[in-house]
Structures are given as C-alpha cells and as structure tokens.
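To start, the structure under review is shown below, and the notes come after it.
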Amino acid sequence: MNLLIGKFLSLLVAIVFLELAPAEAQLKGKPRVGVLTPAERQWEGAAFREALRSLGYVEGSNISIDVRSAEGKLERMPELAAALINSDVDVILAVNTPGARAAIEATKTVPIVMTAIGDPVGLGLVTSLARPGGNVTGLSNMSGDLAGKRLELLKEAAPAARRIAAMMHPDDPIVPIQVKDINATAARIGVELEIIPVRHAQELERAFQRALQWRAQGLLRLAGQATVIGPATAELALKHRLPSMLLLRQDVEAGALMSYFTDHQALFRRAATYVDKILKGSKPGELSIEQPLKFEFYVNLKTAKQIRLTMPPNLLARADRVIR
C-alpha cells in the first residue's frame, strides 16, 4: 500500500512539474524593456503601457519594464544607462536627448528606441532619419524647430509684449538649437530676448526676479529638462502677471497662459510599436525615425482674464482646448 501511495505521489509531482515548467520557462524568457528617463514626469508611462497591451504585451506576464529615472540630475544618466545594460534588457526606451545620448554612449549592441528627441540629426545622434543605422531608431518631437513658432504664438497673444524672457536648462543639449531658432524669430517679429538659465525649482524665484528687473513682458520656456518644473513656472508666471508660453497641458492647467508642443502621449504610443517590431526581429537601424504629425495647442482663458489680457478670437479658434 505504501509503495502504491509513493508511486502515486511521485506521479502527481511529475504532472505538476510538467504543467508549471512551460509557465516558468515563459517567465524566464519574457522580454525586458529598460526605460531611461531624465525625470519620471518626462515619459508617458500610461500611454506606453496601454499601447503595449494593445499589441499583446502584459507587464508582469509576458514582458517586464524597468524604469530608471535620474530625477532631474542629468549627471546620473551614464550611471543609469550602464545599470540597464548590466541588467540584460532586450531593448532600451531612451527618453529625451539626455536619455538617448547616455544610452548610445553606453551600448552599440542593445537596441535603442529614442523617444521625444528634439533634433536627432542636428545633435549628431544619427546621420539620417530615413536610415539611422546601428542599434538606434525612434521618434523626434521636433522641439528644436518649434521654439520659434511658440514665440510667435506668444507674441500673437500679447502683441504689446516687446521684451520676452526665455527660461531654459543650460545643460540640455537641445537648448542651443532652440536659442538659435528663437533669436532668428525675435529679430523678424521685433522682440527682445533675455535668456535665463534655470536648472532646478530652487532657482525659479531668482530667475523670475531677474526677468522682472529686466522688465520682461512675457515668458517663454524652452523645451527640455525644465519640463519637470513646469507647473511651478506656470504658478509664478500667473503670480507676476506675465503672459506665458510653456510646454505641456499640465502646465496650462496649473496656470500658464498657453502651451504648444508635440502630443507626447502619441509619441510614446508609437514608441511601443517600435519596441514590438524590434522584439519580433526588426533591426533598429533599418527603422526610420518618425517625426510628429500632431501638435497640441492649449489656452487658459481664466489666466488671460486674471492677467487682464484679451485673447485674439482667431487664436482661440485655433486652440485644441480652451480652459474657461
């Protein structure tokens, strides 16, 4: 009897092992995506994960996502990139120019999907948008080319403004391209610029005092790492009654007058399709780098009323959303 019971238990254990083995193998073999971002706020995690789910990937089941954020400290980017490489990720989602640069310098073999990159060719990250080559592909947000357009919209909203303070993160590689663009636009539309560096939230109040002492009549924030302090910038611009052109919808909801920029959620949804293609065998260097097709223009009419600014009707008509 004991012999029969022993054989039965052995058979049961074997059956359980066989049933669990494929699941365990699937778990060990699931692809790993590493996300390298300068700050948590700068990547659209919900949009990226949602797009992955639509492609059949469920985090924790058949794919894993490892997010490494520098929390605004750009000097940490190389260290975080190296940590992702050492963790054997299958593909890196590199956010913004600092993320892309750190990833490219860290590896020439692990596939890299750059996302929300201002000017990949101008910054020397790739030689061509059509065929980037090597282990790199991704999506541009065209921030270098949008700076002048954003200044024009601010001037259109506040035509009396002749002196515009432009705040930027001085260590961000995309900033010089934007400064060149706004300088050319300013000369054309008759605006004086004061370029003010802001690295951290602690520097904001001092930056605003400098702008006010210069008698600024408007505020433009350049794209890049300053997005992490967008809402705080919006609140101070409202407090000091400065018409402001910031970057994200959240900035306008926090009190900025306007924002005009690439639809970043759309970028990260598209990034998921690049990850999918690479995991299925596509070579990143043969996938062309996409440029955005959709831009978002938000206006806060409540802010306009608080700073006693009458918004031109034709400008309001072009807005994707008006906060009233």
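The values are calculated or read from the model by the stated rules, or taken from the named source; none is laboratory data. Predicted model, so just to flag it, every value in this text is computed and none were measured. Here Cβ is always computed from backbone atoms with ideal geometry, including for glycine, and neighbour counts include all displayed protein chains. What goes into the accessible areas is simple: the full protein's heavy atoms, side chains included, and nothing from ligands, DNA or RNA. Shrake-Rupley method; radii C 1.70, N 1.55, O 1.52, S 1.80 Å.
Residues that are in contact with a helix residue (DSSP H, G or I) (Cβ under 6 Å, 6 or more places away or on another chain), touching a residue at least 40 places away in the same chain (Cβ under 8 Å) and closer than 24 Å to GLN291 by Cβ: does the stretch 81-90 have at least one?
Scanning the stretch 81-90 turns up no residue that is in contact with a helix residue (DSSP H, G or I) (Cβ under 6 Å, 6 or more places away or on another chain), touching a residue at least 40 places away in the same chain (Cβ under 8 Å) and closer than 24 Å to GLN291 by Cβ.
When the stretch 208-223 is examined, which residues are found to be in a loop (DSSP other than H, G, I, E, B) and open to solvent by 10 Å² or more (accessible area, probe 1.4 Å)?
Our first condition is that a residue be in a loop (DSSP other than H, G, I, E, B); within the stretch 208-223, this holds for 214-217, 222-223.
TRP214, ARG215, ALA216, GLN217, listed by residue number.
Report yes if THR109 is farther than 30 Å from ALA187 by Cβ, modelled with pLDDT under 95 and either more than 17 Å from the chain's Cα centre (by Cα) or part of a loop (DSSP other than H, G, I, E, B) (or both), otherwise no. Break it down stepwise before answering.
On the way: farther than 30 Å from ALA187 by Cβ: yes; modelled with pLDDT under 95: no; either more than 17 Å from the chain's Cα centre (by Cα) or part of a loop (DSSP other than H, G, I, E, B) (or both): yes.
Answer is no for this residue.
Please work out which residue is nearest to VAL95 (Cα to Cα), limiting yourself to the stretch 227-278 and to residues that are open to solvent by less than 30 Å² (accessible area, probe 1.4 Å) and assigned to a strand (DSSP E or B).
Among those that are open to solvent by less than 30 Å² (accessible area, probe 1.4 Å) and assigned to a strand (DSSP E or B), it is THR262.
Tally time: how many residues in the stretch 113-125 are aliphatic (A, V, I, L, M), farther than 21 Å from GLY281 by Cα and open to solvent by less than 10 Å² (accessible area, probe 1.4 Å)? Break it down into steps so the answer makes sense when it comes.
Taking the stretch 113-125 first, the residues aliphatic (A, V, I, L, M) are 113-114, 116-117, 121, 123, 125.
Remaining after also requiring farther than 21 Å from GLY281 by Cα: 116-117, 121, 123, 125.
Subset that is open to solvent by less than 10 Å² (accessible area, probe 1.4 Å): 116-117.
Of the residues in that region, 2 qualify.
With the requirement that a residue be on the phi > 0 side of the Ramachandran plot and surrounded by 16 or more Cβ atoms within 10 Å (Cβ to Cβ), what does the stretch 81-107 give you?
Within the stretch 81-107, just ASN96 meets the criteria.
Inside the stretch 62-75, can you point out the residues that are surrounded by fewer than 19 Cβ atoms within 10 Å (Cβ to Cβ) and modelled with pLDDT under 95?
Across the stretch 62-75, the qualifying residues are GLU71, LYS73, GLU75.
Only one residue in THR127, THR97, THR115 is among the β-branched types (Val, Ile, Thr) and more than 23 Å from HIS169 (Cβ to Cβ), so which one is that?
Numbers: THR97 fails: more than 23 Å from HIS169 (Cβ to Cβ); THR115 fails: more than 23 Å from HIS169 (Cβ to Cβ).
Of the residues listed, the single one that is among the β-branched types (Val, Ile, Thr) and more than 23 Å from HIS169 (Cβ to Cβ) is THR127.
Look through ASN183, ASN141 and report the one residue that is at negative phi, surrounded by fewer than 22 Cβ atoms within 10 Å (Cβ to Cβ) and among the polar types (S, T, N, Q). Write out each step before concluding.
Details: ASN141 fails: surrounded by fewer than 22 Cβ atoms within 10 Å (Cβ to Cβ).
So the residue among ASN183, ASN141 that is at negative phi, surrounded by fewer than 22 Cβ atoms within 10 Å (Cβ to Cβ) and among the polar types (S, T, N, Q) is ASN183.
From PRO31, PRO78, grab the single residue that is open to solvent by 60 Å² or more (accessible area, probe 1.4 Å), modelled with pLDDT of 90 or more and touching a helix residue (DSSP H, G or I) at 6+ places or on another chain (Cβ under 8 Å).
Values: PRO31 fails: open to solvent by 60 Å² or more (accessible area, probe 1.4 Å).
Just one listed residue meets the conditions, PRO78.
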